[in-house]
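To keep things clear, I will list the structure first and then write my remarks on it.
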Amino acid sequence: MGLPPHLTLLYRGPLASCDYDCPYCPFAKRRDSPEALRADRAALERFTGWVADRAAEDPGTRVSVLFTPWGEGLVRSWYRTAIARLSHLPHVERVAIQTNLSGRVEWLSGCDLSSAALWTTYHPGQVAHERFLAKALRLVELGVRFSVGVVGEPEHLEAARRMRADLPDGVYLWVNAAEGRTYTDAEAALWQELDPHFHHSRYPHASGGLPCRTGDSVLSVDGDGNVRRCHFVDVPMGNLYDGSFRERLGRRPCPLASCDCHIGYVHLEPLDLYGLFRGGVLERIPHTLPQAVRGDGVPKGHRVRP
């Protein structure tokens with residue numbers, strides 16, 4: 001069976017180590033053994049090779065890749081190498097990675113910045129405001145497409161406001177609802193001031209039986225090449241490398257009752273988030289940027305009435 005005209009792959013290898021210790025993350029400060037790191041590198045290089053080979057083996061298919069490691073990938077040289085390599089392939093439309101931006105950023109100057117992008121997350125308490133902001137401003141100077149996000153924990157609100165105030169207007173700051181947290185309307189309104197699209201994250205989306213692009217034009221791939229429709233539906237479709245996944249490609253409704261993660265629900269067709277994030281689905285950048293706000297919640301450029 002042939003591949004669709006455009007195939008999006010969400011890749012997550014065995015890497016699980018991170019240099020941050022966020023209290024809401026089970027992988028905080030986890031260390032991978034040398035053996036695990038070698039395995040992760042080999043798996044990533046194999047995956048990158050498969051994507052590269054599509055130009056000859058599936059010439060009618062364009063590919064986009066989002067790396068979603070449990071740990072921090074960009075402190076590992078093989079992730080930087082993979083992104084740079086993929087960015088220069090003519091059939092790769094977008095290659096992006098979720099990152100805390102703790103590593104260096106100058107390597108991005110060696111990428112094709114028309115296809116490479118970053119989904120960055122600011123973790124107050126793990127990194128100084130000035131350090132993260134300096135990295136973000138350097139990305140702007142380099143011409144890198146990127147978004148900045150923060151988890152909507154109450155203790156992060158003031159830090160998020162300050163970051164929004166200091167970021168250039170052209171950088172989108174998104175807010176993820178904290179896992180397991182219920183927001184009152186008043187609480188949600190505070191986050192909505194920073195991210196006008198926060199309401200998409202506030203509640204889990206009812207997804208059971210709804211049409212979704214996952215399993216058809218969007219697939220999840222692990223380090224062994226096992227393919228699933230998405231990270232959240234643990235039903236194997238086959239393997240990437242032996243091609244067994246191809247016979248199970250197709251449009252099917254979501255089998256889960258709800259979906260509460262952006263990298264899942266963004267692909268639900270009834271939400272029409274592809275329209276909202278057109279051109280920036282993987283790096284989480286809306287097609288039309290919302291008006292940035294200052295740290296006091298007032299849109300930039302607006303006068304504050306006394």
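The values are calculated or read from the model by the stated rules, or taken from the named source; none is laboratory data. Since the model is a prediction, treat every value here as computed from it, not as a measurement. A quick note on method: Cβ atoms are made from the backbone with ideal geometry, for glycine too, and the neighbour counts reach across all protein chains shown.
The table below gives the values:
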{"read-out": "Matching option when the condition is touching a Lys or Arg at 6+ places or on another chain (Cβ under 8 Å) and surrounded by fewer than 21 Cβ atoms within 10 Å (Cβ to Cβ), among 113, 157, 194, 118", "value": "113"}
{"read-out": "Those residues of segment 161-188 which are in a helix (DSSP H, G or I), among the hydrophobic types (A, V, I, L, M, F, W, C) and over 20 Å from residue 260 (Cβ atoms), in sequence order", "value": "163, 165, 186"}
{"read-out": "Selected residue (criterion: farthest from residue 151 (Cα to Cα)) from residues of segment 110-120 that are without any contact (Cβ under 8 Å) to a residue 40 or more places away in the chain and outside any loop (DSSP other than H, G, I, E, B)", "value": "110"}
{"read-out": "Of residues in segment 211-264 being small (Gly, Ala, Ser) and assigned to a strand (DSSP E or B), the one surrounded by the fewest Cβ atoms within 10 Å (Cβ to Cβ)", "value": "258"}
{"read-out": "Any hit, segment 141-154, residues being of a type in the set (Lys, Arg) and in contact (Cβ under 8 Å) with a residue 60 or more places away in the chain", "value": "yes"}
{"read-out": "Selection count, segment 122-152, where residues are at pLDDT 95 or above, crowded, with 20+ Cβ neighbours inside 10 Å, of a type outside the set (Ser, Thr, Tyr) and in a loop (DSSP other than H, G, I, E, B)", "value": "1"}
{"read-out": "Whichever residue in segment 231-279 is more than 23 Å from the chain's Cα centre (by Cα) and hydroxyl-bearing (Ser, Thr, Tyr) and, among such residues, is nearest to residue 13 (Cα to Cα)", "value": "241"}
